[in-house]
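Just below is one structure, and these are the notes that go with it.
Coordinate-derived values only; no laboratory data. Treat the numbers as computed from the prediction; the structure is a model and nothing was measured. No Cβ is skipped: glycine too gets one built from the backbone with ideal geometry, and neighbour counts run over all protein chains shown.
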């Protein structure tokens, strides 16, 4: 079964990519690349950079997957009318974070970094990474608490059903079989 909240995996991938890009920027800032001889560019792979998984990052398709997984879970839980408010609060907390309206201008960021010494660049990247991780941890804590609140509103049978679902998206704890967390039993 696929995870109810694969978008968080995308967020984690974006975090990792951002950290790696930051580290790459530090390495580039510390060395001067030798001139490169003009060579023809390698042909692009069919399907672009992400190939067959490119739609994973399409916000509309991601939202549709989230809605489907939530509808499936809601049907499995057979919620009572009294539980609808808890469900609404839970699903609202599970929405992927909105992208900031003003993304950093790469040219401006590069200009700022060009004015810094290498140790200052490293410190600036460390500061940016720490801020990003603080924001991510706060979002994961918020989701975890919302999950606990919703879970408390469930009856014993519903809790068993909820417990049998993959953890991804419910407090950010695992990927249903990845990173050392066991996933659900395979369907045979």
Taking R0 as 41 Å and r as the Cβ-Cβ distance between residue 156 and residue 135, the FRET efficiency 1/(1 + (r/R0)^6), rounded to the nearest 0.05, comes to 0.70
What length, rounded to one decimal in nm, is gained on full extension from residue 60 through to residue 118, with 0.36 nm per residue of separation minus their alpha-carbon distance?
16.8 nm
By average Cβ neighbour count within 10 Å, what is the ranking of 112-119, 136-143 from highest down?
136-143, 112-119
Contour excess over end-to-end distance, with Cα ends at residue 128 and residue 71 and 0.36 nm allotted per residue:
16.8 nm
